[in-house]
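A.B. asks: Below: one structure in structure tokens.
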Amino acid sequence: MIARRNDSNARLKGIGLFGGTFNPLHMGHLRTAQEVLEEFGLDHIRFIPASNPPHKERHDLVDGAHRFAMLKRAISGNPGFVASDAELKRAGRSYTIDTVSQMVRELESGARCYLIVGLDAFMEIDTWKDYRDILKTISLIVMSRPGSSRGFREDGFSGIEAYMKERISDAYRADGNRHTFVHDSWQPIHLCTVTSLDISATTIRRIAGEGRSIRYLVPDAVAAYIDDKGLYT
Ligand code: ATP
């Protein structure tokens, strides 16, 4: 079910789940999430930091408590953004299937629920634990992201259809405008072109490590927290 702006479905409560390491949270996360919030008429987006992400190097991953503190400072004052410690509280690896199953169970029935991922993350979803179950359980919103060489074109999404059909399920088909791919028994996948912000946490950690300013790449409150705690040096 899609409920973009001005769609009658938009009257149903809409919730986005946005997972990541957020190491640290940056303007690329915030601006793109804000655009998704508005485009899909969501009530709120839950930012869910992973405690122990299966796909990331661990050596430069700062403690979850720091990442959560930065997240809370970054989204403070935005009623559309919520910080969730669901994965940080759970022991062991942070698997998206566990988070999605838990949250979909908890959410009131009738709510529109979406898992939000960037294009780079989506293009490796076939390596995620129980990814087929994720796609059966929840609609996805895939955001364009610059620098994702696979799958990127001027509209942000070349190559994604072939990837979906070859690596996930050949039963996906474009629904009319090619912004949504539908499947007979799984949930739809929506593509959302967002402002291209070539910002990554990797770059921010590197710049901070070189002692250079990360101002305007992250909110001021995040930059101040990193400075105060001496993170990424
Ligand atoms: P790192 O550089 O450490 O790998 P990252 O900047 O990719 O981190 P994550 O916390 O891993 O940040 O990203 C969480 C989610 O946000 C992922 O789905 C990712 O694709 C998406 N994302 C991150 N930055 C952007 C951006 N600039 N534009 C669009 N999506 C983004």
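A.B. asks: Among 210-218, 123-131, what's the highest-first ranking by average C-beta atoms within 10 angstrom per residue?
C.D. replies: Per-residue Cβ counts within 10 Å, averaged per peptide and sorted highest first, yield 123-131, 210-218.
A.B. asks: If you don't mind, another one. Work out the length of the dipole vector of region 3-198 about its Cα centre, built from +1 on the beta-carbon of each Lys and Arg and -1 on the beta-carbon of each Asp and Glu, and round it to the nearest 20 debye.
C.D. replies: The dipole of region 3-198 has a size of about 320 debye.
A.B. asks: MET27: accessible area at probe 1.4 Å, nearest 10 Å²?
C.D. replies: 60
A.B. asks: Let me ask something else. Give me the distance in nm between label points sitting 7 Å out from Cα along the Cα-to-Cβ direction at ARG167 and THR202, one decimal.
C.D. replies: 1.5
A.B. asks: On the accessible surface of the chain, probed at 1.4 Å, how many percent belong to carbon and sulfur atoms?
C.D. replies: 45
A.B. asks: At 7 Å along Cα-to-Cβ for each site, give me the label-to-label distance between THR233 and LYS129 in nm.
C.D. replies: Taking the simple label geometry, THR233 and LYS129 are separated by 3.6 nm.
A.B. asks: Please list, ordered by chain and number, the residues whose modelled amide H lies under 5 Å from the amide H of GLY19; skip anything fewer than 5 residues away on the same chain.
C.D. replies: ILE48, ILE116
A.B. asks: What does a probe at ASN78 reach in region 182-217, counting residues whose amide N is under 13 Å from the point 7 Å along Cα→Cβ?
C.D. replies: The answer is 195, whose backbone nitrogens lie closer than 13 Å to the label point.
A.B. asks: Which angle from 0 to 90°, rounded to the nearest 10, does the C-alpha axis of helix 64-75 make with the longest principal axis of the chain?
C.D. replies: 70
A.B. asks: Once phi is turned into θ = phi - 60°, what whole-Hz ³J(HN,Hα) does the Karplus curve with 6.51, -1.76 and 1.60 give for every residue of region 84-89, x standing for Gly and Pro?
C.D. replies: Karplus values, whole Hz, x for Gly and Pro: 10, 9, 3, 7, 5, 7.
A.B. asks: Mind ordering 101-107, 162-168 by average Cβ neighbours within 10 Å, highest first?
C.D. replies: 162-168, 101-107
A.B. asks: So for PHE68, PHE22, what's the accessible-area order with a 1.4 Å probe, most first?
C.D. replies: PHE68, PHE22
A.B. asks: Sticking with this one: Per-residue HN-Hα couplings for region 127-138, Karplus 6.51 cos²θ - 1.76 cosθ + 1.60 at θ = phi - 60°, whole Hz, x for Gly and Pro?
C.D. replies: With the stated coefficients, region 127-138 comes to 9, 7, 4, 6, 4, 5, 5, 4, 6, 7, 8, 9 Hz.
A.B. asks: Now for a separate question. Just to check I understand the Karplus step: with θ = phi - 60° and J = 6.51 cos²θ - 1.76 cosθ + 1.60, what whole-Hz values come out for region 14-22, glycine and proline as x?
C.D. replies: x, 10, x, 10, 10, x, x, 7, 6
A.B. asks: How much accessible area per residue does the chain have, counting only protein heavy atoms and a probe of 1.4 Å, in square angstrom?
C.D. replies: 48
A.B. asks: Which residues' amide hydrogens lie under 5 Å from the amide hydrogen of ILE45, considering only partners 5 or more residues apart or on another chain, with H built in the peptide plane?
C.D. replies: Correct list: GLY16, PHE81, VAL82.
The values are calculated or read from the model by the stated rules, or taken from the named source; none is laboratory data. Note that this is a predicted model, so its numbers are computed, not measured. Backbone-built Cβ (ideal geometry, glycine too); neighbour counts: all protein chains shown. Just the protein is used for accessible areas: all its heavy atoms, side chains included, with ligands, DNA and RNA removed. Shrake-Rupley method; radii C 1.70, N 1.55, O 1.52, S 1.80 Å.
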